Amino acid sequence: QVQLVESGGGLVQAGGSLRLSCAASGRTFSSLNMAWFRQAPGKEREFVVGISRIGGRLHGGDSMSGRFAISRDNTKNPVYLQLNSLKSEATAVYYCAAGDGFAARELSYNYWGQGTQVTVSS
């Protein structure tokens, strides 16, 4: 069974940066497609960005602006999500997801972390 553990969330001022990490165990890291989703208060969970086993990217809305970036090194673990120039609307619980599928939808991923809170103060 794959387990995912996120870390790196916290409180940051608008314009600041955070780097989230997601460590995977229970399966060879390089065999997993990885992604980040987020869920803001009162809203549905939404896709942020994904990275395939071999490093291909799939971008959601905010990450397409260049402010969010995902990275991985298959010789290491975890996968990272760099959040830059944060705005208050980025406040959400950020979830790491992994699996055999690779798409901007929840059903593509078999495994989920518990989430890490990101709060951006204005």
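The values are calculated or read from the model by the stated rules, or taken from the named source; none is laboratory data. Everything quoted here is computed from the prediction, not taken from an experiment. FYI the Cβ positions are ideal-geometry reconstructions off the backbone, even for glycines, and counts take in every protein chain you see. Please note that ligands, DNA and RNA were not included when accessible areas were found on the heavy atoms of the full protein model with its side chains. Shrake-Rupley method; radii C 1.70, N 1.55, O 1.52, S 1.80 Å.
Per residue, how much accessible area does region 6-122 show when a 1.4 Å probe rolls over the protein heavy atoms, in square angstrom?
48
Can you give me the orientation-averaged projected area of the convex hull built on the Cα atoms of the chain, in nm²?
6.6
Could you give the Stokes-Einstein D for region 24-76 in µm² per second, using the C-alpha Kirkwood radius, 4 °C, 1.567 mPa s?
For these conditions, the coefficient is 107 µm²/s.
Ignoring ligands, DNA and RNA, please state the percent of accessible area on the chain from carbon and sulfur, probe 1.4 Å.
48
Pick from Val48, Val12, Val79: which is most flexible by mean-square fluctuation in a GNM of the chain where alpha carbon atoms under 10 Å apart are linked?
Maximum among the listed residues: Val12.
Summarise the long-distance tail of P(r) for region 69-114 by giving the % of C-alpha pairs beyond 17 Å.
48
Which loop-located trypsin sites (Lys or Arg not before Pro) does region 18-60 contain, where loop means any DSSP state but H, G, I, E or B and the Cβ has at most 12 other Cβ atoms within 10 Å?
Sites meeting the loop and neighbour criteria: Lys43.
Based on the alpha carbon coordinates of region 41-108, what radius of gyration and maximum Cα-Cα distance (Dmax) apply, in Å?
12.2, 38
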